[in-house]
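Shown next, in structure tokens, is the structure this report addresses.
The values are calculated or read from the model by the stated rules, or taken from the named source; none is laboratory data. Since the structure is predicted, the reported quantities are computational estimates derived from the model, not experimental observations. Heads up, the Cβs are rebuilt from the backbone with ideal geometry, glycines too, and the neighbour counts pull from every protein chain shown.
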Amino acid sequence: MTKVRRNHAEALTVEVLEPGPERVEAPCAHYPACGGCRFQDLAYEAQVAAKAEQVADALRRIGGVEEPPLEPIVPAEEVFHYRNKLEYSFTATPDGPALGFHKAGRWDEVLDIRKCWLTTDLGNAVRDAVREWARAERLEPYDQGDHTGYLRHLVLREGRNTGQLLVQLVTAEGERFDRDELVEVLRRFPEVRSIHWSENESQAEVTNLPTTLLWGEDAIEEELCGLRFRVRPNAFLQTNTKMAERLYELAGEYAGLTGDETVYDLYCGIGTIGLTLARDALTVWGVEVSEESVACALENADLNGITNAAFYAGEVGASIEELRDRAGGRRSRRPAARRALRQGPAPARPAGGVANRLRLLQPDHAGRQRQGARERLGLPAGTRAAGRHVPAHAARRDGRAAHEEGLTKPSLCRRAALSAPRRRPQSAQ
Ligand SMILES: C[S@@+](CC[C@H](N)C(=O)[O-])C[C@H]1O[C@@H](n2cnc3c(N)ncnc32)[C@H](O)[C@@H]1O
């Protein structure tokens, strides 16, 4: 037993006396030591069934829905090699720095990974090249126990439909490596389009940090549902590209848009869902707390020539009512959406690109990360911006949070000078 709690316990398999009918051979040589995959020895169909039961159980027990009206889970098209983003940690070995994932159940031990089944051959090859580079340069891995050393993380993001790769190296403070050498190693892979470096001065094991562009484009592109999306280092993108496309198609089918609707893309990330729905909607309003993601969403609308979508930086809970009022949600939807449109088209785009169009829905908290986001986006120093990372659970307490954290109400949108997105042009229908 590795953990015993009031409601559950965790244990590790010591020996298999007789395999169960759903046990399969795990293909990965690092299984089960690696903490990356926990169920490789369970048949995929059994994993899906267990997940369906978990969802039903949560709805019954926590949600109080006696008989949840669940549809069958849409199974993954590819069970392996599907992830478009992986975050590796550096660790010290007798042979020099190694790169891999935390051992199952261990925060302080990292396993040297030679072939990960979640990524592609390209992803594996680039990781290995960075390991060799770190050894050749005699750089010291960071030690999470005593917080010494230098190399901390390697993040690889792959546009699976475009073949473009983004690399982010995370180190402790200071430039203690030859950036030209690293760039040269990585440029041997023609797929590498964007190389970033981040310094993590804190003890926290995070990679969501301001970045310095070492070489190439500041973002890569991915293609989803026939649209192109720019993906910067910290922007959220569903990690399974193929299933993200499936998810968005299903969302479109369920929405059954007729062309008259106002779509709210809440927690919109880089705008992928809203923009895929925009062609069938009257307007799309996206809200997202990460400024970097909103900047991407604005770029993405431009990239795809979509003019009936607007994106705003702010917390959903603190801005939703005002958005609803603006779209006329309290009354009948359709006339109100039209009323919003009658306010006129969005103002002509100011010079200076996306940064000048970023609408901020929320007062500021000081913070290094936010300052970094401001600098990256070219926002003026005095701009009051919302760029704080909000963990998933924060969504639940949004309503209260605005008050409790000293964020003034009302409110965001007034400050933000919201403008209605432009009507979808006939040609885009
Ligand atoms: C799981 S991602 C989904 C993004 C997008 N809908 C997609 O499918 O790609 C959730 C997003 O919500 C954002 N987020 C989290 N809490 C938020 C909040 N309280 N208000 C606004 N956005 C928030 C995160 O920054 C993240 O981009």
Qualifying position, being in contact with a Ser or Thr (Cβ under 9 Å, 6 or more places away or on another chain) and not assigned by TED's automatic domain parsing to the domain that holds T119, among R232, R246, R279
R232
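Scanning region 273-291 for residues that are in a helix (DSSP H, G or I) and near the ligand (Cβ under 9 Å from one of its atoms), which turns out surrounded by the fewest Cβ atoms within 10 Å (Cβ to Cβ)?
Looking at the filtered set, the residue picked out is I273.
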Among the residues of region 292-311, count how many are within 14 Å of the ligand (Cβ to nearest atom) and among the hydroxyl-bearing types (S, T, Y).
1
Hey, V130 hits all of (1) of a type in the set (A, V, I, L, M, F, W, C); (2) closer than 25 Å to A235 by Cα; (3) assigned to a strand (DSSP E or B) but one; which does it fall short on?
(3)
Filter region 251-272 down to residues that are more than 12 Å from the ligand (Cβ to nearest atom) and not in a strand (DSSP E or B), then give me how many there are.
10
If you check E222 against the conditions, is it within 13 Å of the ligand (Cβ to nearest atom), more than 29 Å from E322 (Cα to Cα), crowded, with 23+ Cβ neighbours inside 10 Å and at pLDDT 95 or above?
yes
What pairs can you find where one residue is in region 272-301 and under 14 Å from L224 (Cα atoms) and touching a residue at least 60 places away in the same chain (Cβ under 8 Å), the other is near the ligand (Cβ under 9 Å from one of its atoms) and in a helix (DSSP H, G or I), and their Cβ atoms are less than 8 Å apart, with a gap of 6+ or different chains?
N300/T272
Among the residues in region 212-219, are any of a type in the set (A, V, I, L, M, F, W, C), within 16 Å of the ligand (Cβ to nearest atom) and closer than 21 Å to E292 by Cα?
yes
Would region 43-53 turn up any residue that is modelled with pLDDT of 95 or more, part of a loop (DSSP other than H, G, I, E, B) and not assigned by TED's automatic domain parsing to the domain that holds A136?
yes
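Kindly provide the set of residues from region 54-89 that are among the small types (G, A, S) and not in a loop (DSSP other than H, G, I, E, B), ordered by number. First the steps, then the outcome.
Filtering region 54-89 for residues among the small types (G, A, S) gives 56, 58, 63-64, 76, 89.
Within region 54-89, A56, A58, S89 qualify.
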